Amino acid sequence: MKQRLLFLGPPGAGKGTQAERLAASCGLLHLSTGDLLRAEVAAGTDLGREAEAVMARGELVSDGLVLAIVRSRLEGHSGGWLLDGFPRNLVQAEALNTLLEDLDQQIELVVLMELDDDLLIQRLLGRGRADDNEAVIRHRLEVYRQQTEPLISYYRQRQLLEAIEASGSVEAIAERILVLVG
Ligand code: B4P
C-alpha cells in the first residue's frame, strides 16, 4: 500500500472528505493546508490574521506561510502521510521536492479528483463555509485553473499522477481511490 500521497483537484472536488477517510483507515498523517490555515484564523494568531482576508477573497495564501506550516509538520514524522490541498502551485511543488529530498522521502502517488464545475459549485454552496459564496467560488475556480492545474502535467511527466472521477457517493469515490493506493 502506498504511504506518501498527494490529493489534487479543484475546490469542492471532495479532497478533504476523502483524505480524512483514507488517512484514518490507513493510519496516515493527514495534512490539509486549508484546515491548518483555518485553525490559525480561529486561534487569532499573526499568521491567521494574515491568511483570513486572502482566504475570504478565494486567493492563495503566500507560499512562505504555507511552506512553513507543512515543513514543521513533516519534519520529525517518520510514517506515511497524505497532503490534501498542497501543493497548489509550481513554487510549492518545487519547495516540496526540496523538503522531501532533505527528509530522504518520495511522493508515491498523486490522486487527481476530477469533477464538472456545475457540481463543484453546487457542493460548495451546500457546504456554506465563510468562503463559499458564488462569486468567491468562481474566483477560486479561476485561481485553480491558472495556478494549480499546471501541476497535473508536472506530476504526469513524473509518472506519479492517477485521475479519478469524483462524482457519485462518498463510498463509491473512496473505492476508486483505494484501488489506486493498492
Ligand atoms: P481547502 O480547505 O483546501 O478546500 P477546498 O479545496 O475548497 O475543498 P475540498 O476539495 O477539500 O472539498 P471538501 O471535501 O470540503 O482550501 C480553502 C482555501 O484555503 C483556499 O481557497 C486557499 O485560500 C487556502 N489554501 C489551502 N491550501 C493552500 C495552499 N497550499 N496554498 C495557498 N493557499 C491555500 O468537499 C466540499 C463539499 O462537498 C463538502 O460540503 C462535502 O461534504 C461535499 N462532498 C464531498 N464529497 C461529496 C460527494 N461524493 N457527494 C456529494 N457531496 C460531497
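The values are calculated or read from the model by the stated rules, or taken from the named source; none is laboratory data. Only a predicted model underlies this, so the values are computations on that prediction, with no experimental measurement involved. Backbone-built Cβ (ideal geometry, glycine too); neighbour counts: all protein chains shown. Accessible surface areas use protein heavy atoms only, side chains included; no ligands, DNA or RNA. Shrake-Rupley method; radii C 1.70, N 1.55, O 1.52, S 1.80 Å.
If you go through segment 21-37 and keep only what is out of contact with any strand residue (DSSP E or B) (no Cβ under 6 Å at 6 or more places or on another chain) and either away from the ligand (no atom under 12 Å from the Cβ) or over 18 Å from P87 (Cβ atoms) (or both), you end up with R21, L22, A24, S25, C26, G27. Screening segment 1-20 for residues that are more than 6 Å from the ligand (Cβ to nearest atom) and aliphatic (A, V, I, L, M) and picking the one that is nearest to W81 (Cα to Cα) gives L5.
Kindly check whether there is at least one residue in segment 152-173 that is farther than 28 Å from R4 by Cβ, of a type outside the set (V, I, T), touching a residue at least 40 places away in the same chain (Cβ under 8 Å) and in a loop (DSSP other than H, G, I, E, B). Checked segment 152-173: no residue is farther than 28 Å from R4 by Cβ, of a type outside the set (V, I, T), touching a residue at least 40 places away in the same chain (Cβ under 8 Å) and in a loop (DSSP other than H, G, I, E, B).
Among the residues of segment 108-138, those identified as touching a helix residue (DSSP H, G or I) at 6+ places or on another chain (Cβ under 6 Å), outside any strand (DSSP E or B) and touching a residue at least 40 places away in the same chain (Cβ under 8 Å) are I121, L124, D131, I137. Exactly one residue among Q147, Q106 is closer than 28 Å to G48 by Cβ and modelled with pLDDT of 95 or more, and that residue is Q147.
Output yes when any residue across segment 62-76 is of a type outside the set (V, I, T), at positive phi and out of contact with any His (no Cβ under 8 Å at 6 or more places or on another chain), and no when none is. Yes, segment 62-76 contains a residue that is of a type outside the set (V, I, T), at positive phi and out of contact with any His (no Cβ under 8 Å at 6 or more places or on another chain). Cβ-Cβ contacts under 8 Å between residues 6 or more apart (or on different chains), taken from a first residue in segment 31-55 that is open to solvent by less than 70 Å² (accessible area, probe 1.4 Å) to a second residue that is among the polar types (S, T, N, Q), are listed as V54/S62.
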